[in-house]
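Below is one structure; the comments refer to it alone.
Nothing in this text is a laboratory measurement; each read-out follows from the coordinates by a stated rule. What you see is a predicted model, and the numbers here were worked out from it, not measured in a lab. Ideal geometry is used to build each Cβ from the backbone, glycine not excepted, and the neighbour counts take in all protein chains shown.
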Amino acid sequence: MALLAFKNVWKFYGTKAVLKDFNLEIEEGEVVRLEGPNGSGKTTVLKLASGVERPSRGEVRVGGFKPWQPEGKRLFGTVMHFNMTYSDLTVKENLEFFSKLYKADLKYAVELAEAVGFGDKMDVRAGELSFGWRKRLELVRALLHKPKLLLLDEPFVGLDEKGLKDILRILRESNEMGVSIIYTAPSGVGHAVREGERVINLALVNQN
């Protein structure tokens, strides 16, 4: 059984179909890159996969469960364009909050944060972090409950060279441990997570 499955999925906004009879299966340990211009449905796929939105037609399953069901939600972590960490909490306080929320190991969360360079920033409020550091924190939040699937919306946009290197390293390490990754990227932009990863151009998929 596929870890993530879209079966004959349509998504309408008003009368406009953003996804048309979309099918996709992602297996454990696989990396899939979704490309396409703005409006091609990249972010919509992630919203459907995370249960933020529901399909107009068709089925979406994560580990055999609907993504908005508790059993499905436990299987994935997300990093979208909006921040889910709290700006008025420190890095450490965010780790404590989300570890408790996800019933995850705080020690593991701290180790993840230190692995991406938060060692001397644990007492800094999240709202005071730069764009790149806030994205690192969002990735730590998404990983701290040890999900089987990561859903990432343009994870490399706006990062400096060091931020890009750190994010790629932790994504590659996670993938090597069996975590599946589906992420979006503008067409033609580099920075692959893994050599030979599957690339899907949604502009071509939805052209009919």
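Assign one of three labels to the stretch 78-120, namely rounded, prolate or oblate, based on the Cα gyration tensor with a ≥ b ≥ c the square roots of its eigenvalues; rounded applies when a/c is under 1.5, prolate when it is not and a/b is larger than b/c, and oblate otherwise.
Note, shape of the stretch 78-120 comes out rounded.
Which lysines have a Cα less than 22 Å from the Cα of LYS42, not counting those fewer than 8 places away in the same chain?
Leaving aside lysines fewer than 8 places away in the same chain, those within reach of LYS42 are LYS7, LYS11, LYS16, LYS20, LYS66, LYS73, LYS135, LYS148.
What is the dipole size for the chain, taken about its Cα centre, with +1 at each Lys and Arg Cβ and -1 at each Asp and Glu Cβ, in debye to the nearest 20?
660 debye
Considering only DSSP beta bridges where both residues belong to the chain, give the percentage that are antiparallel (nearest 5).
Percent antiparallel among DSSP bridges in the chain is about 45.
Rounded to the nearest Å, what's the spacing between the alpha carbon centres of the stretch 149-208 and the stretch 78-122? Just the number, please.
21 Å
Rounded to two decimals, what is the ratio between the C-alpha radius of gyration of the chain and 2.2 N^0.38 Å?
Normalised Cα radius of gyration, the chain: 1.00.
What is the local net charge at GLY58, summed over the other residues whose Cβ is closer than 9 Å to its Cβ (Lys, Arg +1; Asp, Glu -1)?
With Lys, Arg at +1 and Asp, Glu at -1, the net is +1.
For the stretch 41-90, run through the chymotrypsin sites (Phe, Trp or Tyr not before Pro) and keep only the ones in DSSP coil with at most 15 other Cβ atoms within 10 Å of their Cβ.
TRP68, PHE82, TYR86
Would you kindly state how much longer the chain becomes between ARG194 and GLU161 on full extension, computed as 0.36 nm times their sequence separation minus their alpha carbon distance, in nm to one decimal?
Here the segment from ARG194 to GLU161 would lengthen by 10.1 nm.
Can you tell me how the stretch 33-106 classifies by the Cα gyration tensor, rounded, prolate or oblate, using a/c under 1.5 as the rounded cut?
oblate
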